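Report on one structure; see the data block that follows.
Just so it is clear, none of the values below were taken in a lab; they were calculated from the coordinates. Source: prediction; values computed, not measured. Cβ placement follows ideal geometry from the backbone for every residue including glycine, while neighbour counts extend to all protein chains displayed.
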Amino acid sequence: MKQFLLVDDDAVMNLVHREMIQNFVPGSSVHMCESCHEALAYLQAKVDAGTWPDFILLDINMPEMNGFQVVERMEAFPSEVLRKGQVLMLSSSLHPDDKARAEASPLIAQILSKPLTRARLNALVQD
Amino acid sequence: MPEQTAYKELLRDYRQLQLRVTQFSRVEQQLIDTKDRLDQELLIYKRMSEFSALALSGTDLQGFLDTVAESVVGIFELESAFILAGPKQEDGQVDWLVGCEGMAVGPATLQETLSDLVLIDRGTLEEPVDLTPQEGLAVLGTQALMLHAHASTDRLEMWLCGFISKQSLPLYPKVESRHQTIFSVFAHQVRTHVANLAQAEELSRKNAELQKSNAELDQFAYSVSHDLRSPLLAIKGMIHLIQETEQTSVKVTKYLQLADGSIERLDKNIQEILEYSRSTRREVQCEPTDVASMVTDIFEDLQFSHEGEVQFSLTGPASLEVHTDPLRLSTVLKNVIGNAVKYRDPAAEPSWVKVDLRSDDGQLHIQVSDNGMGISSVALDHVFDMFYRGTTKSLGMGLGLYFCANAVEKLGGAIGVESEEGKGATFTIHLPHATPLLP
């Protein structure tokens, strides 16, 4: 069973992505967070419980803290835990800096443009 | 008496001789005076020429003012002189003056002409009073008159000062008419130089302001595009979700397609506006760039951007490095390759996009060809025009290829297209291996 964590302050986008995942990744479970602090607390609880999501989908532009800052905070988690899953940045912006920043981070597997399509999801899960 | 006559003649000769000696010594004295005056003039002009050379060499403002003060000392034979400098005040007061030892210094009211006379109350810091020369001379005593030359720009104000007095005071030398001439030349040079310096300062300040507002505009365009696109992409996602997961009637399916198309167009418009705002302001920044891997990345990005299958292929060297602006080149390639995908022929089985890279004679040739819808002969001449849209199927505002042509030109290259309606299109981009510095 694939576990997903969706972090996006846009509730509609979160809903769309949850539905897409649940429809096209059979047997998946999705947890949604609308704030970075909520997401970091959720991840800490996961670490404490000895588990970790397979995919963490992080929006870049969010209030309080952006997606990259969340990734920086995540670096404090044990590396053997971080290795269990993939971090994917979701971007609605077109800023080349975001792409460069995502590529430069060892924790970030990919940067994807929103909304996630069925084909993109399939490719993701098959990898 | 012959002796008496001889004596008288001798005496006359002697007196004549004496007179000539006096005349000669007077002439000698005149010559000495003239020589002294000429020496003095020479010294003044020498200092003036040193000053001019320095004024023209464009030193920093403070160094320049120090030199002016030094020159004032030389020309007016002062013990010392100084210049206080400061910006022009809102009330028209200036905080800087040329002064000399023993002279009172304080804010002065602005004077527009060269030879206005201002009364300085010696030893006090009271404000000077405007007087005519006659009135000024009438009150001479413990006071002296200051002759000033005025140099002014929008932001800076400068006075050069000399002094007039009836008797020669050690600290207030007489101002002679030739000094006034020098003064006016001096003032002119100072005015020009201060104006130049102020202009240079103004320019660098404006440049810094421009850079700042450019960065702010970039940030603004970025935020606006993000804030506009976010809800749009959520709607797009919602439509895809319905299309993918719900059984809809033929009518609703059609409506959803139309809605999706409208969103696609709006999104494309936003992207083009952002692209336009970015590309027109950003300077060309070159670095070693691997064009082959850039193309591969674009293929990857486009993989999931559309329905149906498109075959991407790249021929040429596996790695091809040129010295160019990667952001501009990738924008161009994304546009051209993206167009090949967007305007593919639905009837084609399968659709393909081929990119060929070739390098010769210091030039890079990139060829992007497809088996898409092609471009009509009418549209072909205008595809690179601003706001030109070739077909009703065009997305966006008709800026994409305009940017491309613009960007390629900035990179010192050229772009061209060959196409026939219904038979695909081939875009060719020629770029120098190293982007030349364009004016």
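A single member of A:VAL71, A:VAL47 is touching a Phe, Trp or Tyr at 6+ places or on another chain (Cβ under 8 Å), part of a helix (DSSP H, G or I) and not acidic (Asp, Glu), and it is A:VAL47.
Residues are listed down the side, and each one gets a yes or a no for (1) more than 10 Å from chain A (Cβ to nearest Cβ); (2) among the acidic types (Asp, Glu); (3) more than 40 Å from the chain's Cα centre (by Cα):
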residue	(1), (2), (3)
B:ARG205	yes, no, no
B:LEU210	yes, no, no
B:SER213	yes, no, no
B:PHE220	yes, no, no
B:ARG229	no, no, no
B:LEU233	no, no, yes
B:ILE242	no, no, yes
B:GLN247	yes, no, yes
B:THR253	yes, no, yes
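Can you say whether A:SER35 is touching a helix residue (DSSP H, G or I) at 6+ places or on another chain (Cβ under 7 Å), away from every other protein chain (no Cβ under 11 Å) and polar (S, T, N, Q), as far as the supplied structure shows? When the stated conditions are applied, A:SER35 does not pass them. Filtering segment B:263-283 for residues that are more than 10 Å from chain A (Cβ to nearest Cβ) and either in a loop (DSSP other than H, G, I, E, B) or more than 30 Å from B:ARG328 (Cβ to Cβ) (or both) leaves a non-empty set. Considering segment B:281-297, and only residues there that are free of Cβ contacts under 8 Å to residues at least 40 places away in the same chain and under 30 Å from B:GLU216 (Cβ atoms), the residue that is farthest from the chain's Cα centre (by Cα) turns out to be B:ASP297. Listed by first and then second residue, the pairs linking a residue in segment B:303-332 that is within 9 Å of chain A (Cβ to nearest Cβ) to a residue that is of a type outside the set (A, V, I, L, M) and part of a loop (DSSP other than H, G, I, E, B), with Cβ atoms under 6 Å apart and 6 or more places separating them unless they lie on different chains, are B:PHE304/A:THR117. In this structure, A:GLN44 does not qualify as among the polar types (S, T, N, Q) and within 14 Å of chain B (Cβ to nearest Cβ). If you check B:GLU216, B:GLU283 for being farther than 20 Å from B:VAL332 by Cβ and among the charged types (D, E, K, R), only one passes: B:GLU216. Checked against (1) within 14 Å of another protein chain (Cβ to nearest Cβ); (2) closer than 19 Å to A:SER113 by Cβ; (3) not small (Gly, Ala, Ser), B:ASN339 meets all criteria but (1).
One residue stands out in segment A:75-117 among those that are within 14 Å of chain B (Cβ to nearest Cβ) and assigned to a loop (DSSP other than H, G, I, E, B): the one that is farthest from B:LEU233 (Cα to Cα), namely A:HIS95. What are the residue pairs meeting all of these: first residue in segment A:50-73, first residue within 13 Å of chain B (Cβ to nearest Cβ) and surrounded by fewer than 21 Cβ atoms within 10 Å (Cβ to Cβ), second residue part of a loop (DSSP other than H, G, I, E, B) and hydrophobic (A, V, I, L, M, F, W, C), Cβ atoms under 9 Å, and 6 or more apart or on different chains? Matching pairs, first to second residue: A:ASN66/A:ILE60.
Considering segment B:271-285 alone, what residues qualify as being crowded, with 18+ Cβ neighbours inside 10 Å and of a type in the set (A, V, I, L, M, F, W, C)? Across segment B:271-285, the qualifying residue is only B:LEU274.
Of all residues in segment B:302-343, those that are part of a helix (DSSP H, G or I) and more than 24 Å from B:GLU272 (Cβ to Cβ) total 0. Among the residues of segment A:6-28, those identified as outside any helix (DSSP H, G or I) and either within 7 Å of chain B (Cβ to nearest Cβ) or over 24 Å from A:ASN61 (Cα atoms) (or both) are A:ASP10, A:VAL25, A:PRO26, A:GLY27, A:SER28. Against the test of being in contact with a Phe, Trp or Tyr (Cβ under 9 Å, 6 or more places away or on another chain) and closer than 30 Å to B:THR435 by Cα, the options B:HIS365, B:HIS382 yield a single qualifying residue, B:HIS382.
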